[in-house]
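Notes follow once the structure below has been shown.
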């Protein structure tokens with residue numbers, strides 16, 4: 001990954017990913033909801049579904065490496081996440097994210113992100129670590145928006161988190177296991 005942060009285009013971020021079976025279930029649900037809401041936007045492919053934790057794009061190489069070191073130092077047990085609602089977020093005109101959200105089922109994910117943020121802050125990345133966080137999985141982008149709506153909860157066990165490079169697909173650059 002040397003030189004990666006400065007020389008690469010696209011987005012680079014840390015993320016929690018659903019397992020393949022859950023990603024397929026989320027994708028099927030997204031298809032049903034797309035038809036129900038008469039959305040025209042393209043569904044996010046199952047292998048691109050994720051919860052973004054921190055964006056690392058545009059960081060100088062030293063800070064990018066510090067963020068990766070912070071990720072590597074984190075020790076915690078795997079945990080469950082559960083999303084129980086859908087909603088549209090604000091976005092640019094014609095580009096509103098339609099997402100899975102939740103509350104009670106995402107407490108451990110929020111705690112995990114706080115721990116990761118604290119590890120980054122110890123490495124001089126306090127500004128990056130203090131960004132707002134609304135855990136969500138983006139299903140599609142559309143010109144239309146809809147109000148929040150409850151769904152049957154859908155979740156998975158987070159057993160790792162990944163450094164993702166997103167540019168015409170997702171490439172996983174590094175993985176960190178949650179092994180306690």
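Please treat every number below as a calculation from the coordinates, not as lab data. Here the structure is a predicted model, which means the values were calculated and not measured. Methodologically, a virtual Cβ is constructed for each residue, glycine included, from the backbone with ideal geometry; neighbour enumeration extends over all protein chains shown.
With each label point set 7 Å from Cα along the Cα-Cβ vector, what nm distance links residue 25 and residue 62?
4.6
Take every Cα-Cα pair in region 81-180 and report what % of them are more than 15 Å apart.
Roughly 72 percent, once rounded to a whole number.
Based on Cα positions only, what radius of gyration and what Dmax would you give for region 1-104, in angstroms?
Rg and Dmax of region 1-104, Cα atoms, are 16.6, 47 Å.
Using alpha-carbon pairs under 8 Å, 6+ residues apart, how would you state the relative contact order of region 104-180 in percent?
Computed over region 104-180, the figure is 17 percent.
Which value at 222 nm does the chain reach when only helices count, each DSSP H run of 4 or more adding -39,500 (n - 2.57), with the total divided by all residues and rounded to the nearest 500 deg cm²/dmol?
Counting only the DSSP helices, I get -9000 deg cm²/dmol.
Quick one: if the Förster radius is 45 Å, what FRET efficiency do residue 177 and residue 38 give, using the C-beta to C-beta distance and rounding to 0.05?
With R0 = 45 Å, the Cβ-Cβ based efficiency is 0.60.
In percent, how large is the relative contact order of region 57-116, given Cα pairs closer than 8 Å and 6 or more residues apart?
It rounds to 32 percent for region 57-116.
Taking the Kirkwood radius as the inverse of the mean 1/r across Cα pairs, report the Rg/Rh of region 69-108.
Ratio of gyration radius to Kirkwood radius for region 69-108: 1.18.
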